[in-house]
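Read-outs throughout are calculated quantities, based only on the coordinates presented, and are distinct from any laboratory measurement. Predicted, not measured: the structure shown is a model, and the values here were computed from it. Note: ideal-geometry Cβ built from the backbone for every residue, glycine included; neighbour counts use all protein chains shown.
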Amino acid sequence: MVVLVVVGAQWGDEGKGKITDYLASQGDLVVRYQGGANAGHTVVIGDDEYRLHLIPSGITAGCQVLIGSGVVVDPELLLREMHRVSSSGLSLEGLHIAETAHVVFPYHKLLDQLQEDLRCDDRVGTTLRGIGPAYTDKVSREGIRMIDLVSGGSFAQRLHARLQRLEDQLSVIPFSKARLLRQFRTYGQLLEPYLCDASDFVLRALNCEKKILMEGAQGTMLDVDHGTYPFVTSSSPTAGGACTGVGLGPTSISNVLGVVKAYTSRVGGGPFPTELTGSLGDQLRTQGQEFGTTTGRPRRCGWLDGVALRYATRVNGLGMLCLSNLDVLSGFDQVKIAVSYEYQGAVINNLPPTAEKLAACRPVYETLCGWDADISECSCFSELPEAARRYIATVEEISQIPVALISVGPRRSQTIKRREVW
Ligand code: IMP
């Protein structure tokens, strides 16, 4: 029995899509357990580039894939994505969707925009995909689930009640209720063949000794419970979310792989102690092509934050790391890793509990020699320059866990394996 959870150890965009695709090529089932179309995975296979938002990356590796109950599904976007995937020659036969996953409606996106506008200077910088409002409805028991779309009268009733409350709140709503009902019934019919009892589906795969990969979206520091609140997403990207987001007990999890980029990036608002706002930040952004897959926004960039990495190791119970985008650091004279923070004259080693305090922290860096060589064709650890190997050793010292995989480019083949992950 192998159930491997893959989580982002930073603020998302760590390159989980590529690593999931790499690992999925040796696996059987890939399950996405939280988030929605706010995520964006880019997978490069040969000359083809796939940009996925909802469909788990394993689809490109020919695996069975499951969108778990913890995901919020925008059916319109999902259908468009399915169309793109199948027109590029990939099969959708292995796609499954949890019948209990919640649905994102156009009013969630409208509310997302209105809430951001009201926040003025304290904007979270959401992706405006309706994620927060959809999870809010779920928790306040006003959500509508995939199964509801195909269950006749109760759907109409629930939608009517929800729209009534929206109308009370906004006085006018820019949708035709009847059209929305018709449209989402059609989506339900189109998606019905893919719906399943997710927990049972995963259990059956487990009982058949399948290799299962649970893919988290976003990253640890965006977790609603453990991230830099309130500058977070509305779900649980941390490893615990894999259990609730699928309906699988924690005793079934074999290991947790944290994907950490060799530097840090963040989109949206919120504190970022190691952010580089000058030419070094620009160099990282350009070399790493750090522009959002979902929104196209330029990502904020900075050095690797070892304090955040240690924290991610703790809250996820990481057993090993994949260090991604190491090739992007080629060409810097020096590279830095924050090993602690300085806060009001004192050195602290843990992540502070408030965004305000984190914003006031100054990173305390360990400076290492950089390297010039292009490492994107290195296929084993010993081919890496000495300075890059030293960098990896420092990441291991800080996190106290082994770096099992090193990614030196977007292709599957640009992955250095140092130990078995499965
Ligand atoms: P939301 O998830 O759209 O509500 O956005 C909440 C915060 O999470 C914002 O700062 C977003 O930029 C960030 N975020 C959401 N999804 C991703 C992602 O896939 N990568 C990086 N940041 C994300």
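Points worth noting:
- Derived scalar couplings between HN and Hα for segment 349-356 equal 10, 10, 6, x, x, 10, 5, 4 Hz in order, rounded to whole Hz, by the Karplus curve 6.51 cos²θ - 1.76 cosθ + 1.60 (θ = phi - 60°), x for Gly and Pro.
- Each residue, E377 and R162, gets one label point 7 Å from its Cα in the Cβ direction; the gap between the two is 5.3 nm.
- Neighbour net charge for V259 - beta-carbon separation under 13 angstrom, K R +1, D E -1: -1
- Each other residue within a Cβ distance under 13 Å of L159 adds +1 if Lys or Arg and -1 if Asp or Glu, for a net charge of +4.
- Extension gain, S199 to D225: 0.36 nm times the residue separation minus the Cα-Cα distance gives 7.0 nm.
- Along the chain, the longest continuous region that contains none of the trypsin sites (Lys or Arg not before Pro) in a DSSP loop with at most 12 other C-beta atoms within 10 Å is 142-418.
- Cα long-axis angle, helix 177-191 against the chain (0 to 90 degrees, to the nearest 10): 60 degrees
- Segment R179..E356, full-extension length gain: 59.3 nm, with 0.36 nm per residue of separation and the alpha-carbon distance subtracted.
- The chain, helix-only ellipticity at 222 nm - DSSP H runs n ≥ 4, -39,500 (n - 2.57), divided by all residues, nearest 500: -9500 deg cm²/dmol
- Dipole magnitude of the chain about its Cα centre (Cβ charges: Lys, Arg +1; Asp, Glu -1), debye to nearest 20: 720 debye
- Full extension of the chain between T244 and L170 gives 23.3 nm of extra length, using 0.36 nm per residue less the Cα-Cα distance.
- Neighbourhood net charge (11 Å Cβ-Cβ; Lys/Arg +1, Asp/Glu -1) for E81: +1
- Here r is the Cβ-Cβ distance between L206 and K417 and R0 is 25 Å; the resulting FRET efficiency, rounded to 0.05, is 0.50.
- Beyond 26 Å in Cα-Cα separation lie the following of the pairs K211/K336; K336/K357; K109/K211; K18/K211; K109/K138: K211/K336; K109/K211.
- Kirkwood-based Rg to Rh ratio, the chain, C-alpha trace: 0.97
- Acute angle (nearest 10 degrees) that the helix 153-170 long axis makes with the longest principal axis of the chain, alpha-carbon atoms: 70 degrees
- For segment 1-104, applying the loop criterion from DSSP together with a ceiling of 12 other beta carbons within 10 Å to the GluC sites (Glu not before Pro) yields E93.
- Modelled label positions at E93 and Q189, each set 7 Å beyond Cα in the direction of Cβ, lie 2.6 nm from each other.
- Between helix 306-316 and the chain there is an angle of about 50 degrees, using the helix long axis and the longest principal axis of the Cα atoms.
- For segment 145-150, Karplus couplings with θ = phi - 60° (6.51, -1.76, 1.60), whole Hz, Gly/Pro x: 9, 3, 5, 5, 4, 10
- Charge dipole (Cα centre; +1 on Lys/Arg Cβ, -1 on Asp/Glu Cβ; no other charges) of segment 102-193 amounts to roughly 380 debye.
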